[in-house]
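To start, the structure itself, in structure tokens.
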Amino acid sequence: MITTVVYLSTIILVIICALAVRKQGLVCCLMTIQNIAYVWYVLSYIPYARACIKGMCRCCLEGVKNIKG
């Protein structure tokens, strides 16, 4: 539900920012958020895909913490 709201709102914001505000950096940032939300939404249709991606990100972040610390 949250992913859908984020995805749909970023579509609207990208159009508004591209046509009215004309800030390229903001449009690129919103498009990145939009793509991440879309991928997360698509992963919801694959059984256990979100859990797998969460675990992989958690593992990568722990690895980075171990390298720094």
Exercise. Within the set of pairs 6+ apart or on separate chains, which have a first residue in region 11-33 that is in contact (Cβ under 8 Å) with a residue 24 or more places away in the chain, a second that is in a helix (DSSP H, G or I), and C-beta atoms under 8 Å apart?
Worked result: I33/V6; I33/T10
For this session: Could you check how many residues of region 44-57 are aliphatic (A, V, I, L, M) and open to solvent by 70 Å² or more (accessible area, probe 1.4 Å)?
Result: 2
Exercise. Filter region 5-43 for residues that are surrounded by fewer than 17 Cβ atoms within 10 Å (Cβ to Cβ) and of a type in the set (S, T, Y); which is farthest from K54 (Cα to Cα)?
Worked result: S9
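The values are calculated or read from the model by the stated rules, or taken from the named source; none is laboratory data. Everything numeric here is computed off the predicted structure, so don't read it as measured data. Positions of Cβ are backbone-derived with ideal geometry, glycine not excepted, and every protein chain shown enters the neighbour counts. The area values use the complete protein model at the heavy-atom level, side chains included, leaving out ligands, DNA and RNA. Shrake-Rupley method; radii C 1.70, N 1.55, O 1.52, S 1.80 Å.
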